[in-house]
Amino acid sequence: MVMGLLDGKTALITGVANRWSIATGIARKFHEHGARLAFIYQGERVKDEVEKLAAELGGAKSYSCDVTSDEALAQLADCVRRDYGKLDALVHSIAFVNKEDLAGKVFKTSRAGFSLALDISSYSLIALVNALVDVLSDGASVMALTYLGSTAIIPNYNIAGISKAALESIVRYLAFDLGERGIRVNAISAGPISTASSRQVKDFKSLLGKVEAAAPLHRNVTTEDIGNTAVYLASDLSKAVTADVHFVDSGYHAMGMFPEPASS
Ligand code: 0WD
């Protein structure tokens, strides 16, 4: 039997688009560990998918919320306060970059493309915390999904990597802001996983082969792997962990040199 590491805790999960989303894997693991769940969905496009998952995972409530709208975020806070009273975990699993900015030269990125990417992929964490700060319980856990492209050059990840650098910095500053209430803020740096978002990156599939060939564990990670780590971060087991970027990538980030491909 799985221990209920999240028994009695309530978590708000963002970024479920479909069953392949990393947020879906996290939601399933949170549910397995006894958490009460709430979801947001960006709009009608993903509403059915999110509601289906919410019904499957204990009849969670789901709220329409586009994180670029301050009004929508204020409404979300009112709904969460009314329906749940408090939140013990907040999962930020949101990113968006125009497809044309996920290939080619970074210096070709338009001002509008840059603003959009940083607004949705990075600022949204600040906006969510600002809206929900009074609903977060003391000792709550906030986590955001990031990628190695924040600190290392990953060809074609481009502006997405730059937005992840901002996101990781935001994680550290929020950890400082909220530490006095025992609220922890961390990032999970996931290895590449095939999802609707990641497939927008030119040549994304080649990343999967590279990780399998070169990572110490010689395998790609799954949304279940990320979900398990998210459970740890949401649970009291990680009470002294904050302002951290925790890699769940089969160890790929630690490689400084890559072995020659095996000769046949
Ligand atoms: O390889 C990967 N898949 C990795 C993803 C490796 C490392 C990190 N990540 C990150 C992503 O950058 C993102 O922050 O994980 C997070 C989740 O990404 P995902 O699960 O790979 O992608 P996806 O299933 O597409 O979920 C992201 C969702 C959006 O999906 P769609 O496909 O509909 O764009 O973010 C949500 C939306 O549901 N989203 C928004 N939610 C509210 N307001 C908004 C918005 N404005 N924009 C996007």
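The values are calculated or read from the model by the stated rules, or taken from the named source; none is laboratory data. Since the structure is predicted, the reported quantities are computational estimates derived from the model, not experimental observations. Every residue, glycine among them, receives a Cβ derived from its backbone with ideal geometry; neighbour counts consider all protein chains shown. Note: areas computed on protein heavy atoms with side chains; ligands, DNA, RNA excluded. Shrake-Rupley method; radii C 1.70, N 1.55, O 1.52, S 1.80 Å.
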- Task: Can you tell me which residue within segment 196-225, out of those that are part of a loop (DSSP other than H, G, I, E, B) and open to solvent by 90 Å² or more (accessible area, probe 1.4 Å), is farthest from the ligand (Cβ to nearest atom)?
- Result: HIS218
- Query: Would it be correct to say that SER137 is over 18 Å from ASP66 (Cα atoms), polar (S, T, N, Q) and surrounded by fewer than 19 Cβ atoms within 10 Å (Cβ to Cβ)?
  - Reply: yes
- Query: Yes or no: ALA112 closer than 21 Å to ASN186 by Cα and of a type in the set (A, V, I, L, M)?
  - Reply: no
- Note on the structure: Of the candidates LYS108, LYS164, the one satisfying the condition of being farther than 30 Å from GLY34 by Cα and out of contact with any Ser or Thr (no Cβ under 7 Å at 6 or more places or on another chain) is LYS108
- Item | Among (1) open to solvent by 50 Å² or more (accessible area, probe 1.4 Å); (2) more than 13 Å from the ligand (Cβ to nearest atom); (3) under 24 Å from LYS164 (Cα atoms) - the single one LYS86 does not satisfy | (3)
- Checking SER93 against (1) closer than 30 Å to PRO155 by Cα; (2) touching a strand residue (DSSP E or B) at 6+ places or on another chain (Cβ under 6 Å); (3) open to solvent by less than 20 Å² (accessible area, probe 1.4 Å), which test does it fail? (3)
- Query: Pairs, please: C-beta under 9 Å, at least 6 apart or cross-chain, first residue within 12 Å of VAL106 (Cβ to Cβ) and open to solvent by 10 Å² or more (accessible area, probe 1.4 Å) and in segment 146-168, second among the aromatic types (Phe, Trp, Tyr) and away from the ligand (no atom under 12 Å from the Cβ)?
  - Reply: ILE162/PHE114
